[in-house]
1. From the residues in region 348-384 that are of a type in the set (Ser, Thr, Tyr) and modelled with pLDDT of 95 or more, which one is nearest to residue 321 (Cα to Cα)?
2. Out of the residues in region 137-168 meeting the condition of being in contact with a Ser or Thr (Cβ under 9 Å, 6 or more places away or on another chain) and assigned to a loop (DSSP other than H, G, I, E, B), tell me which one is farthest from residue 247 (Cα to Cα).
3. For region 188-198, indicate whether the set of residues that are touching a Phe, Trp or Tyr at 6+ places or on another chain (Cβ under 6 Å), assigned by TED's automatic domain parsing to the domain that holds residue 365 and surrounded by fewer than 22 Cβ atoms within 10 Å (Cβ to Cβ) is non-empty.
4. May I ask you to say which residue of 445, 467 is under 30 Å from residue 126 (Cβ atoms), more than 21 Å from the chain's Cα centre (by Cα) and of a type in the set (Ser, Thr, Tyr)?
5. Based on what the data block shows, is residue 151 assigned by TED's automatic domain parsing to the domain that holds residue 209 and in contact with a Gly (Cβ under 9 Å, 6 or more places away or on another chain)?
6. Do we find that residue 221 is crowded, with 24+ Cβ neighbours inside 10 Å, at pLDDT 95 or above and not in a strand (DSSP E or B) in this structure?
7. Of the numbered conditions (1) assigned to a loop (DSSP other than H, G, I, E, B); (2) surrounded by 13 or more Cβ atoms within 10 Å (Cβ to Cβ), residue 308 satisfies every one except a single condition; which is it?
8. Answer yes or no as to whether residue 175 is in the same structural domain as residue 377 (by TED's automatic domain parsing) and either within 28 Å of residue 438 (Cβ to Cβ) or hydrophobic (A, V, I, L, M, F, W, C) (or both).
Amino acid sequence: MKIIKNILLYIVVLLLSFSIALTRWGLAQFGNVNFDEILFQLRTPILSTEENILRVFYVNALIPALVISVISFIIIKYIYRYLTNKNKFTYRKIYTFILIIIGLFIPIYCLGKFDFYQYVEVQLTNSKFIEKNYVDPNSVEIKFPDKKKNLIYLYLESYESSFFSKDLGGSRDSNLLEPLTEISKENVNFSDTDKFGGARGVYGTYWTSAAIISMSCGIPLKLRASYRTMEDKAVGIGDILENEGYNQEWMLGSDAKFGNRLNFIKGHGNFKVQDYYNLIDEGKIDKDYKEWWGVEDKTLLDLAKNELTELSSKDKPFNFTLLTSNTHVQDGYTDKSCKKKYKDAYSNSVYCNSKEINDFLRWVQKQDFYKDTVIVISGDHYTMQNHYFKSKDKRRVYNLIINGPSTSRNHNREFSTLDMFPTTLGALGVEIEGNRLGLGTNLYSNEKTLMEKYGYKKFDRELAYRSKYYLETFRG
């Protein structure tokens, strides 16, 4: 019986130690992660998770938890044995009471750091905000021009306009996006200021899978107990372009199944999906090739050139979507061919990656198909390299539209990544009845975004509340 009690005590101490270590590591590694994101990651496969992240997890969370738990267990047992030997019954009770209080406080504290109590609150509050403001793409007229434009959509991992220097509207003294500065000035950047800016993050858009849904369908990613995949019933840009006869392809250098992205992509358009394993199967990379998450961005972008050349040779318009990964945590990936300009790894990763992106964009501009092609570029979310910015820094998600319509409505706008859905169609010259789709607004229009209409705080809060309409419409 004594052995069983000791085992149970150690398990409790281990769980408490792991809670502390995991919370500390999670906040340092990924920033302000909300409870919805944690639930999503727990319910989706972690296939092909970058080995460096797992290694950092072992070193900074798992091993410290084991060490702390052993030391704490020894101290607890020593003090209790000492009080027992001294027959200090009252002190033993006080000591046990203190341990219970500490044991209760730790999980309460850790859950609070991940917005668990806010999550409970919003789950108990039903809002009709989404029902009131959602525009079903099937309910409005969407008219394409007679000559349809091709679309290249680049999701840039963790890209922020904040990476620009302060002179350009960013949050840093150095300009990490220097290679993209010229092409950014030449084209349309939707901004919240009169300088380079971008979208504000809102509830249900803060990680890659959620960001893809928000920009494709104009809705946040909200979960429920029976949630299993990303195959929701919302109409997205892939569905619309499929109906318009587009050839569609998705390309990424990691495993498309990670985060259930493949389910979502396949469920929203006739996409050909080229991921790490598919590229191996088709002989486009060697079977033992592995850099970063699978294929690093420089190689991926080179492969994308071949795909675009093939797509452009066909007699249909195309939609080519690509997701980068070099600027993901931890510290990003810097290609060996890139000269390191900064002292820290992540700055070099962002700078070198922006050079690779710029080289790819300049290549596209030299191709015959470019005249009929619109390029939409967006960061997926804020960087999760939490220590990289100061708490007072203004953070915005980067965007750029190349070869789209000109506009004077691109500055001093309050908007989120949800607005990229109708804005992307607007960039293709598509006329949208009412200029709104999903919860997004076509930024080329004079229509106010929901954030401009309701204010950031109310808009963000209403998205977080439980929505019976959302669950029945998109997850039913």
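The values are calculated or read from the model by the stated rules, or taken from the named source; none is laboratory data. Keep in mind the model is a prediction, meaning the values are calculated, not measured. Cβ sites come from the backbone with ideal geometry, for glycine too, and all protein chains shown count toward neighbours.
1. Here the answer is 378.
2. Applying the filter and picking the extreme gives 164.
3. The answer is yes; a qualifying residue exists.
4. Residue meeting the stated conditions: 467.
5. no
6. No; evaluated as a whole, the condition is false for this residue.
7. The number of the failed condition is (1).
8. When the stated conditions are applied, residue 175 does not pass them.
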